[in-house]
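The values are calculated or read from the model by the stated rules, or taken from the named source; none is laboratory data. Because the structure is a prediction, the values reported are computed rather than measured. As a convention, Cβ positions derive from the backbone with ideal geometry for all residues, glycine included, and neighbour counts pool all protein chains shown. Protein only, heavy atoms only, side chains kept; ligands, DNA and RNA dropped before computing areas. Shrake-Rupley method; radii C 1.70, N 1.55, O 1.52, S 1.80 Å.
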Number of protein chains: 4
Amino acid sequence: MKVGIVGASGYSGEVLVKLLLGHPLVTLAAVTSRSNAGKPVAQVIPSVRGLDRGLKFTDSDPAALAADDIDLYFLALPHGAAATYAKALVAAGKRVIDLSADFRIADLATYQKYYGDHHAPELLPSARFVLPELTSPEWKTTAKIAAAPGCYPTGMLIPLVPLLKAHLVTREHIVVNSYSGVSGAGKKVEEAYLYVERSESTKAYGLVKHRHIAEAEEQIALHTGATTIIQFNPHLAPMRRGIATTITVPAAVGITIGQLYETWRATYAKSPFVQLLASGETPDTAHTVGTNRIDMSAVHDPRTGNFVITSAEDNLMKGASGQAVQIMNLWCGFSETAGLV
Amino acid sequence: MKVGIVGASGYSGEVLVKLLLGHPLVTLAAVTSRSNAGKPVAQVIPSVRGLDRGLKFTDSDPAALAADDIDLYFLALPHGAAATYAKALVAAGKRVIDLSADFRIADLATYQKYYGDHHAPELLPSARFVLPELTSPEWKTTAKIAAAPGCYPTGMLIPLVPLLKAHLVTREHIVVNSYSGVSGAGKKVEEAYLYVERSESTKAYGLVKHRHIAEAEEQIALHTGATTIIQFNPHLAPMRRGIATTITVPAAVGITIGQLYETWRATYAKSPFVQLLASGETPDTAHTVGTNRIDMSAVHDPRTGNFVITSAEDNLMKGASGQAVQIMNLWCGFSETAGLV
Amino acid sequence: MKVGIVGASGYSGEVLVKLLLGHPLVTLAAVTSRSNAGKPVAQVIPSVRGLDRGLKFTDSDPAALAADDIDLYFLALPHGAAATYAKALVAAGKRVIDLSADFRIADLATYQKYYGDHHAPELLPSARFVLPELTSPEWKTTAKIAAAPGCYPTGMLIPLVPLLKAHLVTREHIVVNSYSGVSGAGKKVEEAYLYVERSESTKAYGLVKHRHIAEAEEQIALHTGATTIIQFNPHLAPMRRGIATTITVPAAVGITIGQLYETWRATYAKSPFVQLLASGETPDTAHTVGTNRIDMSAVHDPRTGNFVITSAEDNLMKGASGQAVQIMNLWCGFSETAGLV
Amino acid sequence: MKVGIVGASGYSGEVLVKLLLGHPLVTLAAVTSRSNAGKPVAQVIPSVRGLDRGLKFTDSDPAALAADDIDLYFLALPHGAAATYAKALVAAGKRVIDLSADFRIADLATYQKYYGDHHAPELLPSARFVLPELTSPEWKTTAKIAAAPGCYPTGMLIPLVPLLKAHLVTREHIVVNSYSGVSGAGKKVEEAYLYVERSESTKAYGLVKHRHIAEAEEQIALHTGATTIIQFNPHLAPMRRGIATTITVPAAVGITIGQLYETWRATYAKSPFVQLLASGETPDTAHTVGTNRIDMSAVHDPRTGNFVITSAEDNLMKGASGQAVQIMNLWCGFSETAGLV
């Protein structure tokens, strides 16, 4: 099977190139980038030197891509741009896995509130937000576009959704603090992302109405049938990759940490990429970097009545490109872990 | 005036040595360390090469220290050990500024619950927890021992206490997440603190009943007359120094961000080390490293009704040794900022 | 084919575990560690959570290992200890790939000068130093023990040997400066390797008679038939993995940079893990981390008449465990790149 | 005395602002920056919050600066721009300390070869390259412009010049490798300097004819009366500040390490910022960061006959702004260490 990547010059694009070059069941046949068109892939992504089979970046005209013989395209583009490409590719009968926000939110008004105009609203009914561990499998036959979740939502939805569904926690006073490595901001050439500025620096940013909260809250509503408002506080930490998420949520009356773990175990018994750590052990971003895993654990604080849940993931793997490959694996009937372990 | 440091071989001890060697109004006349006795100070703390005036580490027999001509001692010792030294030094009429937890908690039972036996409970009435910006100034004449606050409590008490006192926020559902540089764990030679383990690693630790919460909650109770239970989630971040604290607290009914800032401004108008950043701007640990400042700001989240408050400080300066010098300055009638800017 | 690792608790052991768990043609059937005996592999090496197939660390009695059904053992032990295990395993007819220094040096007196007593000198004739790109292939049939080269020698021998053999450079005044990530020192729980000590720190260490120079100079002598003395200056740099090596060597009279590259190209045309960068482009450790590559390039400095050669590699991959797997691949007739890309 | 800084928005400008705000004998009365004109200093340089006395960036018209009442100006500008300002300021009778390369090289042809056109060649006779520890003190009365040395030249000249003058080492086959923190590249908003690119990355750059070698070789020639060509290999290391320099130089016949140290001791007996470490101990960039020191040591390698000399300094302090303040102190008759310890 031939696959392609549109917009492979950012950090998640780079990781996607590496994963697909090493995937045993697909051939990476096209990588596009307006700014890098004509350059060998290994010149732009030096970590794949010797592995790129002569592949070069091509320009990214939607019509030309639609006309080629590639079966499935990954879109690693800014939101807005992704919708335009999706339109042409879906019309040509290709499968699309979108890493942008354009098709993560089912409700158009919500999308517009957080992102502005949508360039292909008519495609929303054909698109599915696919968090493989939680999304009902019917998407594999009904979706034309699979939207890979954002990095932050992945780190909070996997721990929280089963607990909310099972009424083990309250819907009120949920506080999520996430600490992301700098690659989470994308490959932005701005002063704020210089080595000297970010090294030895931890700080909050984007407090109040961070875009990622829109898809997280919509998913929770869809999974549980009720609205939940979350206090989400994102931060930058001085590391390249990784997201550490700490969720404080009041336990429902009488619920024990044992019940929480039981629910998690039942939900994720067959999920190769979810690792439950014992209560009291806390996940570490460093242990997940380069893997497609999310590690998580929880404690009950008897002083406050809260559960404190912690998760760790690689923002470029389970938080972006690894998850996109996992989606492809499931969609194409491959082993879920193909090319990911 | 002559001052001395007992136990100057850890990270806060090192910073204290540097500050006191450069202080214009005191002479650092003794630094003790059992393991380094006999060694030149600059051999153990290479960053003061050329500045140590031939000072050597001495052994640290409490009786010998009590008999010398030094006016004021800083104790940079583990809790438990500090109390033993304080006893001898106070008996000899010396002032003591303690950087350990031994005299931070007025209530003996609380101390015992978090730290075990106390080795000098009879001294508790002569000791004061001194957070210079908040502690009522009578301590300057009544205290024999000034307990410098912990790094985490400093980062949460300065923002929170005035708001709780003024009833601008609720006492319930307060969630504090702090991210500390690795020096916050002290100079512990353990696998967990190796460069390779901590680099690129963010993780929670010590969830549930972290020791620092005891002094923070006691101080809040003393300042406000009411018990407040806080969810405190400490983390390690891959940096040498710095603590970033993010506090989520529900706003009291009808209270605006303007009122919050007004209260902060009124409280800290004369505090040279508290810097208020505009709402929407967030403090950055990197900007406070090497300074004795705490930078802080807040936003109101209309979706949740919470204030999200962020503070940043250098854990070894405002969180430990810088604050200890600030306490000395006030106690001795020096300018509050002497040796600190 | 079943393989085992003796002493898998250090950093190169960890990487070896990961590589062998993911290798398509072998089964990792035993991992030993005295200190971790009985523990699940994923508990000690959290990055392989979910991938360790229930494998546990076992104790490492040489006689017991000799009696098992494993075909090939990797020794990831300190020098000295490795020889003892090699003796038992070779006697039992197993192949041994040794990552220590014990069998890297053919000349016993040289070994003794740098490392002290040798615990199995009788095995030296059955052992081969195997740098796959340079060692003559007869080792595959004659060796009982394959000694994987050290990290620093790999980074200097691959660039230098072909140039010395072809007389493109002089034998005098060769200066090699290498900068290694902290994992190069092993998982040593010492103050010098704490995060706070190594972060933001670059420094030379082990100047004069660093052990690795012994094997490098012996190899050069064996390859070229002449003695060459190299000034080798190792350093620690504040990163987890990676070695950057910069070699200054006078060009032989009249030799051009074109001739240097021609020789390199001829030597490494079929070496999948050697990547030549254009003159003027310099290799970057970050681009090689996680790969088994060595990237290298050279410039001619007309002011000094020197070639300045730079190489970059991952000290735990091409500098240790990746190279050991490459050796296994070649020894067992697998594809050279199996399990390594 | 009033001083000003032209071009204070880069990293050395920032450090200069901090040093001068804290200097006990001068008043920082003007800081200019075209891009930041009108902004409070503490808004652009958050680490001086609370210390900036209301100072704002002003625009930087040379004529306006020439007309003000400031006695001495620091120029923290790119080369080329500095000369233009120097012309106006010198004409107005002000002292100028230039941190750029414009007045470091006495020989116009050499300047042009490395930097292109010079915008004020007529001022070269009034300018002096001032490395306080080595430059003959007559500059204090004769110079109108003091050129502060570059960061790399400082780290090689202080160790090398006395040895070359005393004929303890040869002039041939000198190899200098330097590893600089990322701030050494200046505050350049380019992809190459992003956190994600530089973290975990060590690499050579600018091999062959690095600009800094011009001033270093000219100084050596002026001090020793003979031409010396040096192989200089600069590198970037993943740290914010600091330069580690390793110099390999053949010992002159019969010269011992004792003689080397004797010469160093004699030369630097009264230099507060030069610290000699015992042979075998190596300087560490981390120990010099934030100080104006250069730490250095040497070993003799009997295998090669070379001395291996290592030095460490803070590129923004002794390598730039600290040294500029040291120059001011000497020029104005202040204590050499005023504002620097």
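Sorted shortest first, the separations between the D:Lys270 label point and its copies elsewhere in the assembly read 4.8, 7.0, 8.5 nm; each point sits 7 Å from Cα along the Cα-to-Cβ line.
Count the net charge of all other residues whose Cβ sits under 10 Å from the Cβ of B:Gly181, scoring Lys and Arg as +1 and Asp and Glu as -1.
On the way: positive: B:Arg198, B:Arg240, B:Arg241; negative: A:Glu200, B:Asp314.
Cβ neighbours under 10 Å give a net charge of +1.
In the assembly of identical copies, A:Gly116 has its label point, taken 7 Å from Cα in the direction of the beta carbon, separated from the corresponding points by 3.7, 6.1, 6.9 nm (ascending, one decimal).
Keeping every protein chain present and rolling a 1.4 Å probe, give me the accessible area per residue for the range B:1-80 in Å².
38
The Cα center of the range B:12-49 and the Cα center of the range B:158-225 differ in position by 28 Å. Sorted from shortest to longest, the distances between the C:Pro137 label points of this copy and the other copies are 4.8, 7.3, 8.7 nm, with each point 7 Å from Cα along the line through the beta carbon. Projecting the Cα atoms of C:Leu160, C:Ala147, C:Thr135 onto the charge dipole of the range C:71-169, computed from C-beta unit charges around the Cα centre, puts C:Thr135 farthest toward the positive end. For A:Asn36, neighbours were defined as the other residues whose beta-carbon sits under 11 Å from its Cβ, and their charges (Lys and Arg +1, Asp and Glu -1) total +2.
With all projection directions averaged, the alpha carbon convex hull of the range B:27-176 covers 11.3 nm².
Relative to the longest principal axis of the Cα atoms of chain C, the long axis of helix C:257-268 lies at roughly 20 degrees.
Figure legend: label point modelled 7 angstrom from the Cα of D:Thr337 along Cα→Cβ; residues of the range B:42-70 with amide N under 14 Å from it are B:42, B:47-55.
Percent relative contact order of the range D:214-341, based on C-alpha pairs within less than 8 angstrom and at least six residues apart? Walk me through the intermediate numbers first.
On the way: 183 pairs, mean separation 30.8, N = 128.
Rounded, it is 24 percent for the range D:214-341.
Across the range C:1-133, Cα pairs under 8 Å and at least six residues apart give a relative contact order of 21 percent. Legend: P(r) of the range D:163-247 from all alpha carbon pair distances, 5 Å bins from 0, whole percents, reading 3, 13, 21, 21, 15, 11, 8, 5, 3, 0.
Of the residues D:Lys87, A:Lys144, ranked by 1.4 Å probe accessible area with the largest first, the sequence reads A:Lys144, D:Lys87.
Each listed q (0.16 Å⁻¹) maps to a log10 I(q)/I(0) for the range C:188-341, found by the Debye formula over equal Cα scatterers with no solvent: -1.15. Across the range A:103-256, the convex hull enclosing all Cα atoms gives 134 Å³ per residue.
Counting lysine pairs in the range B:138-275 that sit 8 or more residues apart in sequence, or on different chains, and whose Cα atoms lie under 19 Å apart gives 4. For the range D:101-190, with equal point scatterers placed on the C-alpha atoms only and solvent neglected, what are the log10 I(q)/I(0) values from the Debye formula at q = 0.12 1/Å, to two decimals? Per q value, in the given order, log10 I(q)/I(0) is -0.50.
Measuring nothing but protein heavy atoms, the accessible surface of the range C:193-285 at 1.4 Å probe radius is 51 percent carbon and sulfur. Computed over Cα pairs, the Kirkwood radius of the range C:200-270 leads via Stokes-Einstein (1.306 mPa s, 10 °C) to a diffusion coefficient of 105 µm² per second.
Sequence-distant contacts, meaning Cα pairs under 8 Å at least 6 residues apart, place the relative contact order of chain A at 17 percent.
What is the magnitude of the charge dipole of the range D:97-223 about its Cα centre, with +1 placed on the Cβ of each Lys and Arg, -1 on the Cβ of each Asp and Glu, and no other charges, expressed in debye to the nearest 20? Intermediate values should be presented prior to the final figure.
On the way: 13 positive and 15 negative charges, 32 e Å.
That gives a dipole near 160 debye.
A convex hull fitted to the Cα coordinates of the range D:53-135 yields 118 cubic angstrom per residue.
Ignoring ligands, DNA and RNA, how do A:Leu65, D:Leu77 rank by accessible area with a 1.4 Å probe, largest first? Spell out each step's value before the answer.
Details: A:Leu65 10, D:Leu77 35 Å².
Per-residue accessible area, sorted high to low, gives D:Leu77, A:Leu65.
Of the residues D:Pro234, D:Pro62, D:Pro24, the one that moves most in a GNM of chain D with alpha-carbon contacts below 10 Å is D:Pro24. Applied to the range D:6-11, the Karplus parametrisation 6.51 cos²θ - 1.76 cosθ + 1.60 on θ = phi - 60° returns per-residue 3J(HN,Hα) values of 9, x, 8, 9, x, 5 Hz, with x for Gly and Pro. Highest GNM mean-square fluctuation among C:Thr245, C:Thr170, C:Thr310, for chain C modelled with Cα contacts below 10 Å: C:Thr170.
Near the amide H of A:Phe57, within less than 5 Å, lie the amide hydrogens of A:Gly38, A:Lys39, A:Val41, all on another chain or at least 5 residues away, with H placed in the peptide plane. Shown here: the range A:149-213, whose C-alpha atoms stretch 46, 22, 20 Å along the first, second and third principal axes, sorted largest to smallest.
In deg cm²/dmol, rounded to 500, what helix-only [θ] at 222 nm does the protein assembly as shown give when every DSSP H run of at least 4 residues adds -39500 (n - 2.57) and the total is split over its residues? Write down the numbers at each step before the final one.
Numbers: 48 runs with 410 residues, N = 1364.
Value at 222 nm, helices only, nearest 500: -8500 deg cm²/dmol.
Surface composition of the range C:1-123: carbon plus sulfur atoms contribute 52% of the solvent-accessible area (1.4 Å probe, protein chains only, all chains present).
Within the shell of other residues whose beta carbon sits under 13 angstrom from the beta carbon of A:His235, the net charge comes to +1, with Lys and Arg scored +1 and Asp and Glu -1.
Residue of chain C with the Cβ closest to the rotation axis carrying C onto B, and that distance rounded to whole Å: C:Tyr195, 2. Solvent exposure of the range B:245-341 amounts to 29 Å² per residue of accessible area, where only protein heavy atoms count and the probe is 1.4 Å. The heavy atoms of B:Lys140 present about 80 square angstrom of accessible area, all protein chains included, probe 1.4 Å. The Kirkwood radius of the protein assembly as shown, taken over pairs of alpha-carbon atoms, gives through the Stokes-Einstein law at 10 °C and 1.306 mPa s a diffusion coefficient of 48 µm² s⁻¹. Taking amide hydrogens as placed 1.01 Å from N in the peptide plane, the amide H of A:Leu194 sits under 5 Å from those of D:Tyr195, each at least 5 positions away in sequence or on another chain.
Based on the convex hull around the alpha carbon atoms, the range C:276-341 presents an average projected area of 5.3 nm². For the range B:187-194, backbone phi angles converted through the Karplus equation (6.51, -1.76, 1.60; θ = phi - 60°) give residue-by-residue couplings of 8, 8, 8, 9, 3, 4, 9, 5 Hz, Gly and Pro being listed as x. Please report the antiparallel percentage of DSSP beta bridges with both residues in chain B, rounded to the nearest 5. Among the beta bridges of chain B, antiparallel pairing accounts for roughly 45 percent. Using alpha carbon centroids, what distance separates the range B:261-299 and the range C:88-139, in Å? Cα centroid to Cα centroid, the span is 62 Å.
Annotation: extensible slack from C:Lys187 through C:Ala266 equals 24.6 nm (criterion: 0.36 nm per residue apart, minus Cα-Cα distance).
Within the range C:40-71, the residues that become at least 30 Å² less accessible when every protein chain is included than when their own chain is isolated (1.4 Å probe; DNA, RNA and ligands ignored) are C:Pro46, C:Ser47, C:Arg49, C:Leu51. GNM remark for chain C: springs join alpha carbons under 10 Å apart, and the peak mean-square fluctuation among C:Ser201, C:Ser271, C:Ser321 falls on C:Ser201.
Axis of helix A:81-91 versus longest Cα principal axis of chain A: the two differ by about 70°, to the nearest ten degrees.
Can you give the accessible area buried between chains C and D, summed over both chains, with a 1.4 Å probe, in Å² to the nearest 100?
3600
Treating each Cα of chain C as an identical point scatterer and summing with the Debye formula, the log10 of I(q)/I(0) at q = 0.13 Å⁻¹ comes to -0.98. Which residues of the range D:253-288 bury at least 40 Å² of accessible area once all protein chains are present, versus their chain alone (1.4 Å probe)? Buried by 40 Å² or more upon assembly, which counts only protein chains, are D:Gln275, D:Thr282, D:Asp284, D:Ala286, D:His287. I need the fraction of alpha carbon pairs in the range C:1-68 separated by more than 14 Å, rounded to a whole percent. In whole percent, the long-distance tail amounts to 52.
With all protein chains present, calculate the accessible area of D:Cys151 using a 1.4 Å probe and round the result to the nearest 10 Å². About 20 Å², rounded to the nearest 10. The residues of the range A:150-194 occluded by other protein chains by 30 Å² or more of accessible area, set against the chain on its own, are A:His173, A:Val175, A:Asn177, A:Tyr179, A:Lys187, A:Val189, A:Glu191, A:Leu194; surface from heavy atoms, 1.4 Å probe. Taking amide H atoms as placed 1.01 Å from N in the peptide plane, the amide H of A:Thr27 lies under 5 Å from those of A:Lys2, A:Val3, each 5 or more residues away in sequence or on another chain.
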